[in-house]
Amino acid sequence: MAEIISMPQLSDTMEEGTVIKWNKKIGDQVSEGDILAEIETDKATQDFEIDVSGVLLFIGVKEGGTTRVNDILAIIGEKGEDISHLISKSKGEEQEKKEIKEEKKDKVYKKNKKDRIFISPLAKKMAQKIGLSINDIKGSGEYGRIIKRDIESYEKTNEKTSYKEVNKKITHSSMRIKIAKHLTYSKFSAPHYYLFSEINVDKLMKFRKDLNDKLSLEEKISFNDIIIKAVAQSLKRHPDMNVSWNEEEILLHSHIHIGVAVAVKDGLIVPVIKNADQKSLLQISKEIKDKVLRSKSKKIQPEEIENSTFTVSNLGMYGIEFFTSIINIPNSSILSVGSIMKRPIVKDSKIEIGNVMKITLSCDHRIIDGAIGSSYIHSLKNFLEDPITILF
């Protein structure tokens, strides 16, 4: 008996999914445990594993197509089985009415061909390339069809056409829509304030070099790895920073899960280093490398980007000296890390050239007061200016 396979909800915030690739085609035999398709959610691209066996009889979403959770994705049954009633049922009465309405509209449109603009494929491509509206062009071909010479003629008689601005339109990805909603809600629901500090990183740079001299190329420690460890150790000393707000209560987290902001093609993903305070620098480094790689290829799993208690965003590698970030709710704070710069510094009453790094702590004022945030920054600064201490 045929069975409808619906678009699955692959994350807690997923509302719709996009089929990136079908691994089977209509008529193929499929078995329980097969990867039927690759589906992009608002967070990542995941393999969709089916739990039934049979023949793939129907595909409801083409590659690149998007549909809502629980809408029809495919139908699996026995070869030659009649599934028309299942397709009709899944579309629902509203969808059927919509299709009927569109069909009637199409028929009316066809009856009024005199209102239709006919254009050759080549002419259409030429018009799109230079940003011309085909409504402005009179066709000289059969039945008023616009052809190549009409485009060329229009260009010659209207010099302004060559300078017409063309704006490319890009449809929002599901990830971009989710990011927009998430950050807008955070910015306008959590009253942000910002704490700035400058760190002398001379010892940090030496600490990293001494470590990496003892490690293989694959094991090399980054500045960000050390920062994440220092952030976790500071949270351990200041548990009143490791909190979340909701309307009923304050959540004081017993675990320290650090989110690491990663730029990907469609926006931003925040993989989470669970229990970062309990992990060594080498463990943190390996985990970040793995999760960053899988984030960029959209292979990271939903549970790996959830339940952070604090987030770090580092734009130092892009040459950004300092910046502020929007809090990644339900976190109550986020650390923004700038690049390492050479600056004159005062040391033992003398001016020397040193290496400094600017950091910004964004805090939710509903739950973190200025004194609490300042104490945390002071602790973090001490760890980073004397990094050997983060190992104890």
*asked:* Could you identify which residue out of Gly139, Gly65, Gly338 has the top mean-square fluctuation in a GNM of the chain using Cα springs shorter than 10 Å?
replied: Gly139
*So, with +1 on the Cβ of K and R and -1 on the Cβ of D and E, and no other charges, what is the size of the charge dipole of segment 174-391 about its Cα centre, to the nearest 20 debye?*
740
*Can you give the Kirkwood hydrodynamic radius for segment 117-163, in Å, rounded to one decimal and based on Cα pairs?*
10.4
*Which FRET efficiency, nearest 0.05, do Ser6 and Val264 yield, Cβ-Cβ r, R0 22 Å?*
0.20
*Past 18 Å, Cα to Cα, is the threshold; run Lys206/Lys291; Lys286/Lys358; Lys24/Lys89; Lys148/Lys168; Lys124/Lys148; Lys229/Lys286 against it and keep the listed order.*
Lys206/Lys291; Lys286/Lys358; Lys24/Lys89; Lys148/Lys168
*Comparing Ile199, Ile368, Ile250, which has the greatest mean-square fluctuation in the GNM of the chain with Cα pairs linked when under 10 Å apart?*
Ile250
_Can you compute the charge dipole magnitude of the chain about its Cα centre, using +1 on each Lys and Arg Cβ and -1 on each Asp and Glu Cβ, nothing else charged? Give it in debye, rounded to the nearest 20._
2120
_Orientation-averaged projected area, Cα convex hull of the chain (nm²)_ = 30.2
*Efficiency of FRET between Asn382 and Leu215 - r from beta-carbon atoms, R0 22 angstrom, step 0.05*: 0.30
*State the Cα centre-to-centre distance between segment 178-243 and segment 292-306 in whole Å.*
19
*Among the trypsin sites (Lys or Arg not before Pro) within segment 291-328, which fall in a DSSP loop and have no more than 10 other Cβ atoms within 10 Å of their own Cβ?*
none
*Most mobile of Tyr143, Tyr318, Tyr194 per a Gaussian network model of the chain (Cα springs, under 10 Å)?*
Tyr143
*asked:* Once R0 is set to 41 Å, what does the formula 1/(1 + (r/R0)^6) return for the Cβ-Cβ distance between His365 and Asp51, expressed as a FRET efficiency to the nearest 0.05?
replied: 0.30
*Of all the Cα-Cα pairs you can form in segment 203-320, what percent are over 23 Å apart?*
34
*Using amide H atoms built 1.01 Å from N in the peptide plane, name the residues 5+ places from Gly354, or on other chains, whose amide H lies under 5 Å from its own.*
Arg343, Ile345
*In nm, give the distance between the simple-model label positions of Ile170 and Tyr193, each being 7 Å from the Cα along the Cα-to-Cβ direction.*
3.8
*Have a look at segment 3-91 and give its Rg and Dmax from the Cα atoms, expressed in angstrom.*
12.4, 38
*Of Ile35, His192, Tyr318, farthest towards positive along the dipole that unit charges on Lys, Arg, Asp, Glu beta carbons give the chain*: Tyr318
*Across segment 174-391, how large is the tail of the calculated P(r) beyond 25 Å, expressed as a percent of all Cα pairs?*
38
*Would you calculate a helix-derived [θ] at 222 nm for the chain, using -39,500 (n - 2.57) for each DSSP H run of n ≥ 4 and dividing by the full residue count, to the nearest 500?*
-10000 deg cm²/dmol
*Given H placed on each backbone N at 1.01 Å, which residues far from Ile5 in sequence or on other chains put an amide H within less than 5 Å of it?*
Leu73, Ala74, Ile75, Ile76
*asked:* Test of understanding: what is the full-extension gain from Glu352 to Arg145, defined as 0.36 nm times their sequence separation minus their Cα-Cα distance?
replied: 66.9 nm
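Bear in mind that the values in this text are calculations on the coordinates, not laboratory data. Every value quoted in this text rests on a predicted model; they were computed, and no experiment measured them. All Cβ positions, even for glycine, are placed from backbone atoms using ideal geometry, and neighbour counts span all protein chains on display.
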